[in-house]
Amino acid sequence: MTLLPEENTFPKTLRLPGGSGAQGNGGTPRTVTAVVGESVTLPAAFSTRENILSVTWSKVNTDQSTVQQREPVFVFSNGNSKSHGAYKDRVLLSGKVSLRIANIRVQDDGMYVLNVMTEDLETGEEYVRLIVMVPPVVKVGPSSPVVSSWGKSVTFKCTISEARPNISALHWEKDGIPVQSIGVSSKYSGGTLSSPSLTVRHVTRADTGSYTCVVNHVVRPVTSSVQLKVLYPASIISISDAIAVTVSDRVTLQCVADGNPPPNITWTKNGVLLPSVAHTLSNDVRASSVTLKRVRMNNTGAYVCAASNGVGKADSKAVQLSVTPDKDARDSSNIVVIVGTVAGALWFLIGVVLILLLWKRRRDRRDKERFAFYYNMGRREPGAPDDKTDFPTIPVKPREGTLTGNAGIPTMRRAADKRGRRYARVMYPYLAQEGNELCLEVDDVIEVLEGDSGGWCLGYLSGDVGLFPSNYVKFLSSNEAVKMEECDGKPPSKRTK
């Protein structure tokens, strides 16, 4: 594409200096500066009364000889314009005869000459010096981030290249502050224009940060940064104060530590590892907590927090926990003790009374057995024969379950009907010794449900079923029992004295 000037022809009033003779403006060439990649205008101006036939811009290339070699850059002639070589599509006339160059390159640096020819074939020239400036390329090393152990020294390199013209100054900054104003003079060395590399001695956690090499140049300052990370031992920066609580309270103990790498935090009590919860507060700071939901008296003691990260020695601190009984609990425990003591005493007294009652009952039973004759004599009904002074000996009572009294009266009666019902008449009074025995009075008639003479029998009397000694009665036949019923008008089993 051909770049055209603002006008295809120049006005006839444009004159070269000196009237009829065309000549340059003479004197020292103008100097124009430009930054690579940007655009620049090479200014020029002429005055002549003749018509201009052509405008030519050339770049002057000089070698070791004094002979000038002109490289065409832009030519305007007969209403047509054309750009040449490396300037193709990058140049055009600005105004009347000034030349505008776009996208400046380093190779564009040099001397340019403008040549104007009029109709009378006279020429005039003007020279312009173009200086192309290139900002420096700044690189720092080693590659970021730089990791160093605590106490060692670190050196950062700053390399500058491609600067046109050369840089004017160089310095280093840490987190935006010049290192010369930080700390003591022995901390840093280098970091100047004559010695670009910067050395940081005996690094600590405070030296962690961003280090920037700042290069001053006529075009603009150029910087490059590197991050320094310092590995330093873990240290506990905060721990809960000593605390006193009461039983059943909820307690949380917290420990905060920092270090690079981030520390590992543990809790122990009497050498026993405790379960804890850890969380991160920042890149290098972590916290860990132990929670006791309901403290007990045996939770009293020292709780030790330890932090380590593999760099240097581990750090540890302890917090004391004191647990005291709850006032209400103390009162309640006192009440419980009192109530327990009273209850124990009552149970002891009740036991003693029961033992005494059992002992008395057994003694009375032995006395009754020992004096059964006199006791039964006192219970005899009037009119009983006086000559019966000796009572039969009570037979041995059958073992539980040998008599089938639990079969029911109807069942036993049906069984008795098959072999014939039996009855017995009481000959001697008998006072029941246990709940399953019948009380007998003389002349009572008992329906015998089970059993024979010589032992204990099961009988039915006055609506009760129970045992009675067979040697206290006289067994009757069915006919004898019927005769007694006719005499008394009552069934045998309903008879009472």
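The values are calculated or read from the model by the stated rules, or taken from the named source; none is laboratory data. Just so we're clear, the structure is a prediction, and the values are computed from it rather than from any experiment. Here Cβ is always computed from backbone atoms with ideal geometry, including for glycine, and neighbour counts include all displayed protein chains.
What to note about this one:
- When LYS174, LYS187, LYS157 are screened for being touching a His at 6+ places or on another chain (Cβ under 9 Å) and outside the structural domain of ASP109 (by TED's automatic domain parsing), only LYS187 passes.
- SER77 vs. criteria in contact with a strand residue (DSSP E or B) (Cβ under 9 Å, 6 or more places away or on another chain), polar (S, T, N, Q) and either surrounded by 17 or more Cβ atoms within 10 Å (Cβ to Cβ) or in contact (Cβ under 8 Å) with a residue 24 or more places away in the chain (or both): yes
- Test: LYS187 is within 43 Å of the chain's Cα centre (by Cα), crowded, with 18+ Cβ neighbours inside 10 Å and of a type in the set (D, E, K, R): no
Okay, residues lined up against (1) in the same structural domain as GLU162 (by TED's automatic domain parsing); (2) within 27 Å of SER153 (Cα to Cα); (3) modelled with pLDDT of 95 or more:
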{"site": "SER225", "(1), (2), (3)": "yes, yes, yes"}
{"site": "ARG250", "(1), (2), (3)": "no, no, no"}
{"site": "GLN254", "(1), (2), (3)": "no, no, yes"}
{"site": "SER282", "(1), (2), (3)": "no, yes, no"}
{"site": "VAL304", "(1), (2), (3)": "no, no, yes"}
{"site": "ALA307", "(1), (2), (3)": "no, yes, yes"}
{"site": "GLY312", "(1), (2), (3)": "no, yes, no"}
{"site": "VAL319", "(1), (2), (3)": "no, no, yes"}
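- Scan of segment 152-169 for residues that are outside any strand (DSSP E or B) and surrounded by 14 or more Cβ atoms within 10 Å (Cβ to Cβ), ordered by number: ALA163, ILE167
- Among the residues of segment 40-60, the one identified as in a strand (DSSP E or B) and charged (D, E, K, R) is LYS59.
- Odd one out for GLY191 among (1) within 30 Å of SER288 (Cα to Cα); (2) free of Cβ contacts under 8 Å to residues at least 40 places away in the same chain; (3) touching a helix residue (DSSP H, G or I) at 6+ places or on another chain (Cβ under 7 Å): (1)
- All conditions in (1) out of contact with any Gly (no Cβ under 9 Å at 6 or more places or on another chain); (2) in a strand (DSSP E or B); (3) surrounded by 13 or more Cβ atoms within 10 Å (Cβ to Cβ) hold for GLU126, with the sole exception of (1).
- Once segment 199-220 is narrowed to residues that are in a loop (DSSP other than H, G, I, E, B) and surrounded by fewer than 22 Cβ atoms within 10 Å (Cβ to Cβ), the residue that is nearest to the chain's Cα centre (by Cα) is THR208.
- Filter pass, LYS313 being touching a residue at least 60 places away in the same chain (Cβ under 8 Å), loosely packed, with under 10 Cβ neighbours inside 10 Å and within 28 Å of the chain's Cα centre (by Cα): yes
- Checked against the criterion of being in contact (Cβ under 8 Å) with a residue 24 or more places away in the chain, touching a helix residue (DSSP H, G or I) at 6+ places or on another chain (Cβ under 9 Å) and outside the structural domain of VAL146 (by TED's automatic domain parsing), segment 236-246 contains one or more residues that satisfy it.
For (1) among the basic types (Lys, Arg); (2) at pLDDT below 90, each residue gets a yes or a no:
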residue: PRO72; (1), (2): no, no
residue: GLY79; (1), (2): no, yes
residue: LYS88; (1), (2): yes, no
residue: ILE104; (1), (2): no, no
residue: MET111; (1), (2): no, no
residue: LEU114; (1), (2): no, no
residue: ASP120; (1), (2): no, yes
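- Residue in segment 218-230 that is charged (D, E, K, R), over 22 Å from VAL200 (Cα atoms) and touching a residue at least 60 places away in the same chain (Cβ under 8 Å) present: yes
- Residue, farthest from the chain's Cα centre (by Cα), within segment 137-151, restricted to residues that are surrounded by 17 or more Cβ atoms within 10 Å (Cβ to Cβ) and β-branched (Val, Ile, Thr): VAL138
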